[in-house]
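The structure appears right after this line, and notes come after that.
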Amino acid sequence: MPTLDIDKIKQEVVDSQIWRAVFRGGVWSDTPRDRQAHISGNVWLHLHPAKVRPRALKWTYTWGLGGLSFALFLLLALSGVLLMFYYRPVPGLAFRDIKDLTYAVSMGRFLRNLHRWAAQAMVVAVIAHMVRVFLTGAYKRPREFNWSVGVLLLTLTLFLSFTGYLLPWDQLAFWAVTVGTNMAGATPLLGNSGPFSGLLGMHVNNDLRFVMLGGTSVGANTLLRFYVLHTIAVPLLVGILLILHFWRVRKDSFSAAPYQANEAKVDVWPNLVKREYIAAVALVIFIMFWAITKSAPLETIADPNVTMNPEKAPWYFAGLQEMLVYFDPWLAGVLVPNLIIVGLMAVPFIDTNPKGVGYYAWKERPFAITMFLLGVVMWFSLMAMGVFFRGPNYAWYWPWESWWTFKAAPPPTWNVFGPHGQAVLPLALGVPVLGGLFLAAMLLPKLIQRDLNGWKVLGGVLLATAALGAVGAGMGKFTGTQVGFLLFFAGMTTWFGFVMPQRHIRRLDWARYLVTMALVVSTMGILLKMGARLCFNIKYVMTVPVVSMNI
Amino acid sequence: MSYRKLFYVLNFLLLGVFVWAVVKDNDAEWKTYQRTYYEKMATYLDAQAGQQKDPAQAAKLRAQADEYRRHPLAIKQIITDGLGRYDRCITCHVGMDEYENPGMTTPFKTQPYAGHPDIAGLVKAHPFEKFGCTVCHEGQGLATTVADAHGWVTNWDRPMLTGVHIQGSCVKCHGDFRTLKGAEAAAKGYDLFHQHGCLGCHSIDGVGGTISVDLGDIADKPIPRIAPYNFLRVTIDGKHLEEKDWKIQNWILGHLVDDPEYVTPNDPFAEDNAEPIAPSPMPDFSKELTRDQADDIVAYLMGMTKVEEDEIPYRYHVAAPPEKEPRFASAKAHGKYVFEKYGCAGCHGVDAVAGRRRFNALGPGQKDYDPKMTKAELFAEMEKGREPTLPDLMSGYDHDELVAKIEQGVPPTAAKKWDPNGPLPVVYMPAWKGKISKKELDDLATWLLSTAKQQNLGF
C-alpha cells in the first residue's frame, strides 16, 4: 500500500515547470533568505524593504493609519468598479439606478453602503494619518517632499469624496454640491463673485465655477464631469501620487523612528506583513458591519426648484461652510482652504527644530505641536458646529432643540470700516488701522528680543479685557455672555498669537519667521472674526464694495 | 492573543460578516410575500382537488399545486414604455401579474394576495402592460419593501393614494371625469369646490381668484416647501400626523377638516417678525363639510398635477367636450349661479347667508379695542372680524350702485383694522370689472338685492 508522502508531493508541485514559471525560489523552509526573497521576489510586496527596525513595527507608533488609508482606497476601488456596472451618470437615470441598487440588485444596497461608509472612513483615516505623522515629526528632513505629496493626497481624498457625493443625484447630493461649488465662484480674480473678478472679465458663464459645473448651475454636465473625475481622473492621479508616496517611504528607510546603536533589524515577512494584514482585515470587518447595519442616505430626486432648508455641505466641508457665517465665500471657501493646504506643505520647510523625529515629543516641539493641534481642534470644532448645531435657515439649534420650532430672526449686523450703509468709520481710516494691527501682530513677537513672562502678559490682557467688559456691561452695552466670549477670544489670541510665537520662534530667520507668523496671524484672524461676529454682530471689519472685497 | 490566533479569528469573522451580508440581502421582504402567495395557491388548489369527482381533473389540479410549490422566486416588474415607469408592485401582489395569473382574480381577500377589483371594467380599460400600477395608485414603483413601495415614508413625496383619493388619478387623464363612471367622488369634490367658493381665492390653471395660490398643480407641491411647524399642527380625525404622513393629501385634508387658522397661525403679534402677519385667512370649513365631503375635495385636487400630466403622453388623455353655460329661467336663478361660479361664497358664505371670518377686521359682537387686553383676549376679538354679510347690506344699494361696487371692489388698504397694531386683514374684495360679463353682473345684482333683509331699513 503506497503511503501519502506530503513532503514529496509538495516538493514535486513546487519543482514543476508551472509553479516555477509563476513563483520563483525553492521550497519554503522559513530561512531568513526565504523571507527576504518573498519580499523582493514579489512585485506587490517589494514596496516593503526586506528588513525593518523593530521600532517601526510598534502599533502605538503608526497606528497603521497609512496602511489603513491604502486598504480603504483598495476597498473603494473594488466596490466602486462593481457599482459602475449599474450606474449611469445621466440625471434621469442616475437616481433610478441608485433605487435599483437599493431595491433590486443582489447585494446592491450593501455595495453602495460599503462604498459610502468606506469613503467617509478614508477621509478620517487620512486626516488621522497626517496628524500622526506630524506628531512624530516624520516630515522632517529628508521626508519634506513626501509630506507635501501626502498633503496633496489628503486634498485629493476630499475631492474624491466630494465628487462622489453628487452621483446619487438626490436632494442631499444636489444641494451639498451646490453649496460646495458656489464657493468656487467666489475665487478672487477667477470667480464671478470674488474680489477683483471684473479685472479678468469674469461672469457667471466663464468663471472657475462654470468650468467645474459645465454650466451655470448643477446639471447634467456637472453630473458627467463629476462622474469622470470621480471614477477616472482623480483615482488615476491618486494612484500616481500613491506610488510616489510609497516609493519615498521605502527609500527613506521606511520609518522615521530614530536609530539605536546595534539595533537588530527584523524580517518584514512575516513581522510587518502580518500586522498590515490584520489591521486591514479588522478594518474591513468594521466597514462591512457598518454597511450591513446602516444604510446610506437617499433623499428625493434632485430638484433645482426646491431648496432644502438647511442646506449642508458634506461633513468634511461643514467647517468651511460654518466659516461662511463669519467670512465671505472668497475667504472661507477659497483662501482659507488654500492657505491650509499651502501652509501644511510649507510646514517641513519652516520647522527648523531638529528634535522629535520619529517619536511623540510635545515637550521638545511645544510650538509646532501646539499650533498644529490648535488648527486641528479649530477645524473639527467648526465642523461640529456646522454638522450638529445648525438647523433651518442655518440658525443655531442645540442638539436637544427640535428643528421644528421657530427661531426669531438673528439681530441685524453692521460693518466697522467701509464707505456706505451701516458702516461707522470711513475706509480711509480702516486700511491704516487694520494694516497697522496686522503689521504689529506679525512683527512684535520678533522685535521684542527678550524673555517675557507669558502668564503675566496673558493676565494683563485678560484684566484689561475684563475691565473693558465691566465698563461696557455697566453702561448696558454688553451682556454677560458677550463679556465671556470677549475674554475667551482675547485670551486665545494673546496666548497663541503672541506669547507662544514670542517665546519660541523669535530667533527664526526672517523668511521662515514671516511665513510662520502669516499662518499664525491668519488663524488668530479667524478666531477674532468669529468673536467679533458672535459678540458684537459685526458682519465685516472692513468692506470695499467697489471690488467686492469684504473682510 | 498571538498573531496566528488573531489571523484565524479575524479571517473567520470576515467570512462571517460576508455571509451575514449575503444572508441579509437574500432575506428580502418581498420573498416572504411571494412565497406565501404560491403556498396559498397550492393549498387552495389541493383543496379544490379534494372536492373534485373526476380523478383526472383532480390530478391536474394537484400537478398545478405542485408547480406553485416549486415556483422560483423573482422580482417581477411591469415596464410601461409609454409612461417610462417601472412598477415592481406585482413582485408581492402576484395575483395581479397577468402572466402569472391571466384571470387576475384570486380566491383570497387580503392584500397582497387578493386580485384587482373590477377586472371587466377598470382593468380592461387600463391594461396593466400599458399603464402599470403607480400611474393610478402612486407610491414608489421601484421599491420592493412594504413601507417604501407604498411610499408612506420620508423622502417620497407621492405615496399611495388611499380610499377615494385615488379618484384624483382619473382626473389626471380624463377631462370628462365629472361624468365618468368610477370617478364620482372626484366629481363631487369638483362640485363642492365650486359651491363653497374655493375658486374665489384659489384659481385652477389661472381661472379663479388670485388671493391665494393657484391649485392647478397642488398635487405636485414639494413637501419641503411646507414648514414642519405647520405640519405638526395638522390634526386629522383628532390625531396629529406622524412625520412619515407629512404628504400633500394630508396637507389639503388638514385644511378642510381642521381650522387653517390653527394650522398656519403665522405671527399676529409680531413676535418673530418686524411686522405682524395675520394667520391663514382660509375659512374654517370643518363645520361646513363632512369628513367624506372633505375627502371628495382632496380626491379632486389630487388630480391637479402638472408634473404627471406632462409625463403622461397625450394619447393617454381623454378630452372632455366643451362645457356649455347652463340656461336659467329667471334672472334671479342665473344670479345665484353667477355667485357660485365666481367663488363669491369663499368670503360671503354659501348662498351669501353669512360673511366669513376676516382676521382683525371689524365684525359683529366685538368689544372695543383696549391695549390693556391680554394676547388671548386680543386674539379672540380679532377672530371675530367678519366679511360683509350681504343680505344685511343690500337695502343700502340700488341696482346700479351695487353693480359699480362689484366692478370696483375694495382695495386691501381700505380695510379697517380692529387692533390698530395688529396685522392687516388679508382677504379683500377684488375688482370684477372685465372679469364678469355685463349680463352676469346684472343678474348677480338682481339676485343679491332680492336677498335683502327689509327690517334693516333705516340704519
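Quick rundown of the values:
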read-out: Order of A:394, B:342 under a 10 Å beta carbon neighbour criterion, fewest first; value: A:394, B:342
read-out: Set of segment A:289-328 residues, backbone N closer than 14 Å to the point 7 Å along the Cα-Cβ line of residue A:204; value: A:305
read-out: Spatial separation of Cα centroids for segment A:150-207 and segment B:309-387, in angstrom; value: 50 Å
read-out: Qualifying trypsin sites (Lys or Arg not before Pro) in segment A:343-399, DSSP loop, other Cβ atoms within 10 Å at most 10; value: A:363
read-out: Kirkwood-Stokes translational diffusion coefficient of chain A, alpha-carbon pairs, 37 °C, 0.692 mPa s, µm²/s; value: 122 µm²/s
read-out: Chain A: calculated mean residue ellipticity at 222 nm from DSSP helix runs of at least 4, using -39500 (n - 2.57); value: -19000 deg cm²/dmol
read-out: Shielding by partners - mean other protein chain Cβ count within 10 Å, residues of A:273-285; value: 3
read-out: Residues of type lysines that residue A:140 reaches as a straight line, Cα spacing below 26 Å, ignoring anything fewer than 8 places off in the same chain; value: A:51, A:58, A:251, A:265, A:355, A:363, A:446
read-out: Inter-centroid distance (Cα atoms) of segment B:226-276 relative to segment B:1-80, Å; value: 46 Å
read-out: Taking B:203, A:69 and counting other C-beta atoms within 10 Å, the order from fewest to most; value: B:203, A:69
read-out: 5 Å-binned pair-distance histogram of segment A:403-545 (Cα, whole percent); value: 2, 9, 14, 17, 19, 16, 11, 6, 3, 1, 1, 0
read-out: Taking all pairs of distinct alpha-carbon atoms in the protein assembly as shown, Kirkwood radius in angstrom; value: 35.3 Å
read-out: Simple spin-label estimate for residue A:63 and residue B:63 in nanometres, 7 Å along Cα-Cβ; value: 7.0 nm
read-out: Between segment A:459-500 and segment A:4-59, the Cα center-to-center distance that results, in Å; value: 67 Å
read-out: For segment B:301-425: lysine pairs under 22 Å (alpha-carbon distance), excluding those fewer than 8 apart on one chain; value: 21
read-out: Chain B: angle of helix B:331-341 to the longest principal axis, Cα-based, in degrees nearest 10; value: 50 degrees
read-out: Segments A:144-151, A:450-457 sorted - mean Cβ within 10 Å per residue, highest first; value: A:144-151, A:450-457
read-out: FRET efficiency, residue B:317 to residue A:290 (Cβ-Cβ, R0 35 Å, nearest 0.05); value: 0.10
read-out: Structure-based [θ]222 nm, chain B - -39500 (n - 2.57) summed over DSSP H runs of at least 4, per residue, nearest 500; value: -11000 deg cm²/dmol
read-out: Packing rank of B:422-429, A:173-180, B:30-37, where each peptide gets the mean count of other beta carbons within 10 Å, highest leading; value: A:173-180, B:422-429, B:30-37
read-out: Residues of type aspartates and glutamates that residue B:130 reaches as a straight line, Cα spacing below 20 Å, ignoring anything fewer than 8 places off in the same chain; value: B:81, B:87, B:97, B:98, B:100, B:118, B:138, B:308, B:309, B:310, B:311
read-out: Segment A:1-105: chymotrypsin sites (Phe, Trp or Tyr not before Pro) in DSSP loop, at most 11 other beta carbons within 10 Å; value: A:44, A:85
read-out: Residue B:227-residue B:433 pseudo-label distance in nm [points 7 Å out on the Cα-to-Cβ vector]; value: 3.8 nm
read-out: Those Cys residues of the protein assembly as shown for which no other cysteine Cβ falls under 4.7 Å; value: A:535, B:92, B:136, B:170, B:173, B:198, B:201, B:344, B:347
read-out: Test item: A:198-208 mean partner chain Cβ contacts at 10 Å; value: 0
read-out: Residue B:351/residue B:290 FRET efficiency (R0 30 Å; Cβ-Cβ; nearest 0.05); value: 0.95
read-out: Calculated FRET value between residue B:11 and residue A:237, using beta carbons and R₀ = 45 Å, to 0.05; value: 0.85
read-out: Cα-based helix-to-principal-axis angle, B:248-257 vs chain B, degrees rounded to 10; value: 40 degrees
read-out: Hypothetical label at residue B:31: residues of segment B:79-116 whose amide nitrogen lies under 20 Å (7 Å Cα-Cβ projection); value: B:88-95, B:112-113
read-out: Partner aspartates and glutamates for residue B:188 [C-alpha distance under 16 Å; skip if fewer than 8 residues away on the same chain]; value: B:176, B:288, B:292, B:295, B:296, B:340
read-out: Residues in segment A:263-283 that a label on residue A:364 would reach, taking backbone N under 19 Å of a point 7 Å out along Cα→Cβ; value: A:263
read-out: Gain upon complete extension [residue B:181, residue B:341; 0.36 nm per residue less C-alpha separation]; value: 55.1 nm
read-out: Net charge of neighbours whose Cβ lies under 9 Å from the Cβ of residue B:189, counting Lys and Arg as +1 and Asp and Glu as -1; value: -2
read-out: Nearest-ten-degree value, helix A:268-293 long axis tilted from longest Cα axis of chain A; value: 60 degrees
read-out: Computed label-point distance, nm, for sites residue A:128 and residue B:116 using a 7 Å Cα→Cβ extension; value: 5.4 nm
read-out: Within 10 Å of each Cβ in A:95-105, the average number of Cβ atoms from other chains; value: 4
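Every number in this text was worked out from the coordinates using simple rules, so none of it is lab data. Values in this document were obtained by computation on a predicted structure and should not be read as measured data. All Cβ positions, even for glycine, are placed from backbone atoms using ideal geometry, and neighbour counts span all protein chains on display.
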